[in-house]
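Asks: Supplied in C-alpha cells, the structure appears directly below.
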Amino acid sequence: MMIIMQNNATPAQVENVIKHIKDAGLAVHLSQGVEATIIGAIGETHALPTEIFETLDGVETVQRITQPYKLASRQFKPDNTSFSVRGINFGGNAVGVIAGPCSVESKAQIIETAHAVKEAGAVALRGGVFKPRTSPYAFQGLGEEGLNYLAQARDATGLPLVVEIMSQVQLDMMRDYVDIFQIGARNMQNFNLLRAIGETQTAVLLKRGLSATIEELLMSAEYVLAGGNTNVILCERGIRTYENSTRNTTDINAVPVLKSHTHLPVFLDPSHSTGNADYVSSIARAAIAAGADGLIVEVHPDPANALSDGKQSLKPERFSQMVKEVGQISQILGRRLATIH
Ligand code: PEP
Ligand code: MN
C-alpha cells in the first residue's frame with residue numbers, strides 16, 4: 001500500500017503515518033521523490049482498509065500497489081533509480097558498459113584486460129572467481145586468489161569490480177573486494193542468497209534466470225530491496241527457448257517491459273544471450289536502442305585459449321569498436337556513455 005503525502009505535509013505528519021504503519025505490523029519504506037513523499041506500507045495489507053490512513057493529517061491519497069512486487073515497481077517509485085559506485089553512476093542518463101573476462105585466469109590476464117577495457121570506454125571490470133559451470137570437472141575459478149588479482153586490477157585502473165557470488169557463505173570473504181555483486185542466472189531464485197545480499201549496501205547486478213519470467217525477476221529483486229538494499233541493477237542475459245542456433249535467445253522485449261514496470265536500472269548481457277562473439281555487437285546495439293541503461297560484456301585478450309566462455313568473448317579491438325557504436329546510438333537517444341577519469 002502506498003500513502004502519498006500532500007506536498008506541504010509536515011515532518012510530524014509523515015512521522016505519524018509511519019507510526020500507524022508500524023502499529024499495523026507492516027514494514028515502512030519512505031521514498032522522498034522529486035514530486036512527492038510516498039510512504040510504502042509493505043506486508044500483508046490486503047485485509048487492511050485504506051481508510052485507516054486516508055483520514056490521517058497530511059495524507060493526499062492511499063493506493064494499493066497492484067503488482068506482486070512492491071518496492072521494485074514504478075508505481076511505488078516513479079523516478080528512475082540511480083546510484084554511484086566508486087564515483088561511477090549506474091542507472092542515470094549515462095549508459096554504463098561493464099566488461100572483462102568470464103573468469104579471472106591469472107594476474108597478467110586480468111590486468112591486461114582491465115587496461116584494455118578501460119581504454120575502450122568501460123566503467124567497471126567484470127571477472128568471475130567462483131564459476132557456476134555445468135560440469136564439475138570444468139574450471140571452477142581461482143577463488144580468493146582471483147579476488148586479489150582483481151583488486152590489483154582495480155588499483156591499476158580505478159575500475160570498480162563486478163564479481164559473481166554463488167553462495168551466502170562467500171559473503172564475508174568477498175565483501176572486502178567486490179563493488180557490485182553479480183547474482184548469476186542460476187542463482188536468481190536462491191532466496192537465502194538474495195536475503196543475505198539485501199542486508200548489505202553493496203550494489204547488485206541481478207541476472208534473469210534461464211527460464212524465469214520478467215515478473216519472477218522482479219520478485220527476486222524485491223527480496224533484495226525488502227532487506228533495505230536499493231542498489232540493484234537488473235540484467236537480461238537471454239532465456240532458454242527452442243531455438244538452438246544461439247546459446248540463449250535475447251529477450252529484447254524485456255528491456256522496455258522492465259523499464260515500464262520498474263524504476264531499477266536495466267542492463268543487458270549480449271555475451272551470454274547470444275553465446276557467439278560474432279553476434280555480440282549487434283545485440284549490444286539493439287539493447288541500447290531499446291532503452292537499456294547499460295551492458296555487461298565478456299572481453300578476453302586471447303578468446304581461443306580462454307578457460308571459460310571463449311567463444312562468446314570479444315577481443316579488445318572488437319570491443320572498442322562495439323563501444324563506439326553503442327556511444328553513437330546513445331547520442332541519438334539523448335544519452336551518453338558513462339565515463340571514468
Ligand atoms: C557469467 O556472467 O559469466 C555467467 C555465468 O552469467 P549467467 O549467470 O548469466 O549465466
Ligand atoms: Mn561467462
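Just so it is clear, none of the values below were taken in a lab; they were calculated from the coordinates. In this text, all values refer to a predicted model and were calculated from it rather than measured experimentally. As a convention, Cβ positions derive from the backbone with ideal geometry for all residues, glycine included, and neighbour counts pool all protein chains shown.
Asks: Suppose a student asked you for the relative contact order of the range 2-63, using Cα pairs under 8 Å spaced at least 6 residues apart; what percent would you report?
Replies: Result for the range 2-63 is 48 percent.
Asks: Restricting things to alpha carbons, tell me how big the range 207-341 is in terms of Rg and Dmax, in Å.
Replies: Over the range 207-341's Cα set, Rg and Dmax evaluate to 15.1, 44 Å.
Asks: If I histogram all Cα-Cα distances within the chain using bins 10 Å wide from 0, what percent of pairs lands in each bin?
Replies: With a bin width of 10 Å, the distribution comes to 6, 26, 32, 21, 10, 5, 0.
Asks: Can you give me the angle between helix 11-23 and the longest principal axis of the chain, using Cα atoms only, in degrees from 0 to 90, rounded to the nearest 10?
Replies: Its long axis makes an angle of about 80 degrees.
Asks: For helix 144-157, what angle does its Cα long axis make with the longest principal axis of the chain, in degrees from 0 to 90 and rounded to 10?
Replies: Taking the Cα atoms of the chain, the angle to 144-157 is about 90 degrees.
Asks: Angle between the Cα long axis of helix 316-332 and the longest principal axis of the chain, 0 to 90 degrees, nearest 10?
Replies: Tilt of helix 316-332: around 40 degrees.
Asks: List the GluC sites (Glu not before Pro) in the range 6-71 that DSSP assigns to loop (not H, G, I, E or B) and whose Cβ has at most 15 other Cβ atoms within 10 Å. Which are they?
Replies: Qualifying residues, ordered by number: Glu35, Glu44.
Asks: Convex hull over the Cα atoms of the range 33-178, averaged projected area in nm²?
Replies: Value for the range 33-178: 12.9 nm².
Asks: Pairs to check: Lys118/Lys259; Lys70/Lys311; Lys77/Lys131; Lys70/Lys315; Lys77/Lys315. Give those whose C-alpha atoms are more than 32 Å from each other in this structure.
Replies: Exceeds cut-off: Lys70/Lys311; Lys77/Lys131; Lys70/Lys315; Lys77/Lys315.
Asks: Determine the calculated [θ] at 222 nm for the chain from helices alone, applying -39500 (n - 2.57) to every DSSP H run no shorter than 4 residues and normalising by the residue count; nearest 500 deg cm²/dmol.
Replies: The helix contribution divided over the chain gives -10000 deg cm²/dmol.
Asks: Using the crude model of +1 on Lys and Arg Cβ and -1 on Asp and Glu Cβ, and no other charge, please compute the dipole size for the range 112-246 relative to its Cα centre, in debye to 20.
Replies: Roughly 300 debye for the range 112-246.
Asks: Comparing Ala138, Ala221, Ala47, which has the greatest mean-square fluctuation in the GNM of the chain with Cα pairs linked when under 10 Å apart?
Replies: Greatest mean-square fluctuation among the candidates belongs to Ala47.
Asks: Report the Cα centroid-to-centroid distance between the range 90-149 and the range 46-61 in angstrom, as an integer.
Replies: Cα centres, the range 90-149 to the range 46-61: 49 Å.
Asks: Using the Kirkwood radius over Cα pairs, work out the Stokes-Einstein diffusion coefficient for the range 2-63 at 4 °C and 1.567 mPa s, in µm²/s as a whole number.
Replies: Translational D for this selection: 113 µm²/s.
Asks: For the chain, what is the relative contact order in percent, using Cα pairs closer than 8 Å and at least 6 residues apart in sequence?
Replies: About 17 percent, as a whole number.
Asks: Related question: Quick one: compute a quarter of the convex hull surface over the Cα atoms of the range 171-219 and quote it in nm².
Replies: Over all viewing directions, the range 171-219 projects a mean Cα-hull area of 3.3 nm².
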